[in-house]
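S.K.: Attaching a single structure in structure tokens format; questions to follow.
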Amino acid sequence: MQIDKINSERIKNLQKDKVFMKLGGGGDRLKAQNIKGKLTVWQRIEYLFDPDTFVETGSFIELRNDSFGLDKSKTPGDGVVTGFGKINGQLVYAAAQDFTVLGGSLGEMHGKKIAAIIDMAIQNGAPLVMLNDSVGARIQEGISALSGYGEVFFRNTKASGVIPQISIIMGPCAGGAVYSPGLTDFIIMVKNTSNMFITGPEIIKTVTGEKVTKDELGGPDVHMETSGVATFVGEDDESAIDWVKRLLSYLPSNNLEPPPVYNLTDTTVVEDIPQENLVPSKTTKAYDMFNVIYSIVDKHSFLELQSEFAKNILIGFARIDGHSIGLVANNPKELAGCLDINASDKAARFVRFCDAFNIPLLTLVDVPGFLPGTDQEYAGIIRHGSKLLYAFSEATVPKLTVILRKAYGGAYICMCSKHLGADMVVAWPGSEIAVMGPKGAVSIVFKNEIKSAKNREQFAKECEKQYMKNVTNPKYAASMGYIDDVIEPGETRQMIIRHLAALVNKNVEMPKRKHGNIPL
Ligand code: HXC
């Protein structure tokens, strides 16, 4: 058959256009990305999605504001690649900023493209991944650029609790631009090439006189260790994307679906540590909570989040018998496992994420109480501690709690106790559950008797023994029905598996309301 020359020419032109469009801001700028240790936008897309699954949307969209010399910088796509594809077989939507086009700056159409892809992700119930690499609002576009941001923030908020949202910061993320990632569920940064701040070093110097580098202000270390903004840090672009893939493997596509189930039913055996030795009998001795976690969850399944922030509490996803769970555990190695402001914030947000996405909660408790001190009181521990109480109380997913050792005072209640609606609370035999520890309790209750005792020290010790036997003993709590059972450490995993299986159809109706008012 004779080839239609006109059509053939059209197709060739289109193919040329498409090749050109993929070059973004051009060869030199693309090379510069790689020289800086960054991937180009298309290299990122290729690494993120399963081969040949990505479908681009809005590739011809251009800026429509020609002012201030922008007419010379018009580039198809307007500096952001949007679309959808499969990640490990799961449908995922994405927006990836292209730093080679006007620095990845966000103008009106760039913002509209991102907003459109978030709308599609919500409508189709699929996770959203945002790859950020941008200088911020496109100055030349004025209010149109701000409107672009506003549209994105609005949709990030609308999507919250409906689809999982993950941001990767793969370059600068400055000014109001930080609030899109800030509204998403997880933020992954990249070592050496990413930073996030509301006002940059220059403005800070002008306004306050303070001198600070970009990294000191908002580099990955700062956001992992101090601010708690970052969930993970990747060594490079590839490893940051690997975190996304790992994270997604625990999550459902949306709030109406259950999380995926894997055929990983292997028990973790903690080599050389008998179950009896996982928690020392001496209540003041620190131990490694990770070993307790490994003894309960499927092998290699624990994915710790925010590992460098508020280390006194551990949060993360894991699998038990192949099923995703959200794990919250006090960490006796840091501040003796006390709850403080940052720990409360960290755990509360995680609990709310799990509840929103049907992921059962497992809480491992060894908590001496809330951290005392003026620092904490002045900075609002009442407000922050309330968040954790609120988050556990409102969660309607299956809630399982294991008390390993100490569970004192308000912190006992806070760590997903029966009183906050836990479906199962079990304790290991050495647990101590009471208003406070024996020393403090005896010094208050027997203050006068100790004063008049012949041998004060011995008398106090005797009182403490009685207190431990009659008040803090987990069997006492069990006799009141506040815990369901006292179990051997070695029985824990099976107990959890059985309870989770029984709770698979759990259905709790909360009173009708628009939304609650969590203490923020
Ligand atoms: C448009 C911009 C731009 C901007 C930079 N460019 N900033 N274009 N709007 N805001 C252009 C540059 O002219 C350059 O174009 C390209 O982007 C790359 O920028 P460089 O400066 O050459 O890159 P680099 O040396 O890597 O430095 C990156 C940077 C620096 C550190 C991020 O650009 C910077 O400090 N920019 C300002 C960052 C900032 O303060 N942003 C906040 C804006 S306010 P060519 O053609 O040479 O490639 C904001 C408010 C949002 O975002 C509010 C939302 C609610």
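The values are calculated or read from the model by the stated rules, or taken from the named source; none is laboratory data. Only a predicted model underlies this, so the values are computations on that prediction, with no experimental measurement involved. Cβ placement follows ideal geometry from the backbone for every residue including glycine, while neighbour counts extend to all protein chains displayed. Heads up: the accessible areas ignore ligands, DNA and RNA and are worked out on the full protein's heavy atoms, side chains in. Shrake-Rupley method; radii C 1.70, N 1.55, O 1.52, S 1.80 Å.
S.K.: State to the nearest 20 debye the size of the charge dipole of segment 376-447 about its Cα centre, where the only charges are +1 on K and R beta carbons and -1 on D and E beta carbons.
M.R.: Charge dipole of segment 376-447: 180 debye, to the nearest 20.
S.K.: With no solvent and one equal point scatterer placed on each C-alpha of segment 193-268, evaluate the Debye formula and give log10 I(q)/I(0) for q = 0.11, 0.20, 0.24 Å⁻¹, two decimals.
M.R.: With no solvent term, the Cα-only Debye profile gives -0.49, -0.94, -1.09.
S.K.: A further question on this structure: In the chain, if the dipole is taken from +1 on Lys/Arg beta carbons and -1 on Asp/Glu beta carbons about the Cα centre, which of Val486, Ala286, Thr40 is farthest to the positive end?
M.R.: Val486
S.K.: 5 Å is the cut-off here: which amide hydrogens, built 1.01 Å from N in the peptide plane, fall below it relative to Asn195, excluding neighbours closer than 5 in sequence?
M.R.: For Asn195, the qualifying residues are Gly171, Cys173.
S.K.: Report the gain in length on full extension from Thr53 to Asn34: 0.36 nm times residue separation, minus Cα-Cα distance, nm rounded to one decimal.
M.R.: That pair, Thr53 and Asn34, stretches by 4.4 nm at full extension.
S.K.: With every atom except the alpha carbons ignored, what do you get for Rg and Dmax of segment 433-520, in angstroms?
M.R.: 21.0, 63
S.K.: Give the angle, between 0 and 90 degrees and rounded to the nearest 10, that separates the Cα long axis of helix 381-394 from the longest principal axis of the Cα atoms of the chain.
M.R.: With both axes taken from Cα atoms, the answer is about 80 degrees.
S.K.: Continuing with the same structure: Give a residue-ordered list of calculated ³J(HN,Hα) values for segment 190-199 (Karplus: 6.51 cos²θ - 1.76 cosθ + 1.60, θ = phi - 60°; whole Hz; x for Gly, Pro).
M.R.: My calculation for segment 190-199 gives 10, 4, 6, 10, 10, 7, 9, 7, 7, 10 Hz in order.
S.K.: Another question, if that's okay. At a 1.4 Å probe radius, carbon and sulfur cover how many percent of the accessible area of segment 399-472?
M.R.: Roughly 59 percent of what the probe reaches on segment 399-472 is carbon or sulfur.
S.K.: Under the rule of -39500 (n - 2.57) per DSSP H run of 4 or more residues, summed and divided by the residues of the chain, what mean residue ellipticity at 222 nm is obtained, to the nearest 500 deg cm²/dmol?
M.R.: Using -39500 (n - 2.57) per qualifying helix, the result is -10500 deg cm²/dmol.
S.K.: Please work out the FRET efficiency for the pair Lys447 and Ile382, using the Cβ-Cβ distance as r and a Förster radius of 35 Å; give the result to the nearest 0.05.
M.R.: Efficiency computed from Cβ-Cβ geometry: 0.80.
S.K.: Using the reciprocal of the averaged 1/r over all distinct C-alpha pairs, how large is the Kirkwood radius of segment 323-442 in Å?
M.R.: It works out to 14.3 Å.
S.K.: Related question: Under the Karplus relation 6.51 cos²θ - 1.76 cosθ + 1.60, θ = phi - 60°, what is the ordered set of whole-Hz ³J(HN,Hα) values for segment 399-405, x standing for Gly and Pro?
M.R.: 10, 10, 10, 10, 8, 8, 8
S.K.: Next up: Apply the Kirkwood formula to segment 242-360: the hydrodynamic radius equals the inverse of the mean of 1/r over all pairs of different alpha-carbon atoms; give it in Å with one decimal.
M.R.: Value: 15.2 Å, from the Cα pair sum.
S.K.: Rounded to the nearest whole Å², what accessible area per residue is found for segment 282-343 with the 1.4 Å probe?
M.R.: 31 Å²
S.K.: Helix 492-502 sits at what angle to the longest principal axis of the chain, using alpha carbons and giving 0 to 90 degrees rounded to 10?
M.R.: With both axes taken from Cα atoms, the answer is about 60 degrees.
S.K.: Continuing with the same structure: For the chain, how big is Rg over Rh, using alpha carbon atoms and the Kirkwood form of Rh?
M.R.: 1.06
S.K.: How far is helix 5-21 tilted off the main Cα axis of the chain, in degrees rounded to 10, range 0 to 90?
M.R.: Helix 5-21 sits at roughly 40 degrees to that axis.
S.K.: Charges at C-beta only: +1 for Lys and Arg, -1 for Asp and Glu. How large is the resulting dipole of the chain about its Cα centre, in Debye rounded to 20?
M.R.: 900 debye
S.K.: Then there's this: Take the solvent-accessible surface of the protein heavy atoms, probe 1.4 Å, and return the percent of it on segment 160-259 that carbon and sulfur atoms account for.
M.R.: Of the solvent-accessible surface of segment 160-259, carbon and sulfur hold 54 percent.
S.K.: Taking 0.36 nm per residue of separation and subtracting the Cα-Cα distance, what length does fully extending Asn124 through Asp4 add?
M.R.: Net length gain for the segment: 39.3 nm.
S.K.: Per residue, how much accessible area does segment 464-520 show when a 1.4 Å probe rolls over the protein heavy atoms, in square angstrom?
M.R.: 75 Å²
S.K.: Please report the orientation-averaged projected area of segment 83-242, defined via the convex hull of its C-alpha atoms, in nm².
M.R.: If I average the Cα hull's projected area over directions, I get 9.4 nm².
S.K.: Enumerate the amide H contacts of Val486 below 5 Å, restricted to partners 5 or more residues apart or on another chain; note that Pro and chain-start residues carry no placed amide H.
M.R.: Here the answer is Ala427, since their amide H atoms fall under 5 Å of that of Val486.
S.K.: In whole Hz, with x marking every Gly and Pro, tabulate ³J(HN,Hα) for segment 442-447 from phi via Karplus 6.51 cos²θ - 1.76 cosθ + 1.60, θ = phi - 60°.
M.R.: Along segment 442-447, the couplings run 5, 5, 8, 5, 10, 3 Hz.
S.K.: Give, in nm to one decimal, the length gained when the segment between Phe68 and Ser479 is fully stretched (0.36 nm per residue of separation minus the Cα-Cα distance).
M.R.: 140.3 nm
S.K.: A further question on this structure: May I ask for the net charge around Ile483, where only other residues with Cβ less than 13 Å from the Cβ of Ile483 are counted and Lys, Arg are +1 while Asp, Glu are -1?
M.R.: -2
S.K.: Take segment 143-187, compute every pairwise Cα distance, and split them into 10 Å bins from 0; I just need the percent in each bin.
M.R.: Bins of 10 Å from zero give 28, 55, 17 percent of pairs.
S.K.: For Thr226 paired with Val471, estimate the spin-label separation in nm (one decimal), with each label point 7 Å from Cα along the Cα-to-Cβ line.
M.R.: With each label point 7 Å from Cα toward Cβ, the separation is 4.3 nm.
S.K.: Tell me, what does the Kirkwood hydrodynamic radius of segment 1-136 come to in angstroms if you use every pair of distinct C-alpha atoms?
M.R.: 15.9 Å
S.K.: Oh, and also: Going down the table (Lys333/Lys469; Lys36/Lys245; Lys214/Lys514; Lys346/Lys506), which pairs top 32 Å between alpha carbons?
M.R.: Violating the 32 Å limit, Cα to Cα: Lys214/Lys514.
S.K.: What fraction, in whole percent, of alpha-carbon pairs in segment 162-313 exceed 25 Å separation?
M.R.: Looking at segment 162-313, the distances longer than 25 Å represent 46 percent of pairs.
S.K.: Name the residue farthest towards the positive end of the dipole of the chain from the options Met1, Gly69, Ile187, assuming +1 on Cβ of Lys and Arg, -1 on Cβ of Asp and Glu, about the Cα centre.
M.R.: Ile187
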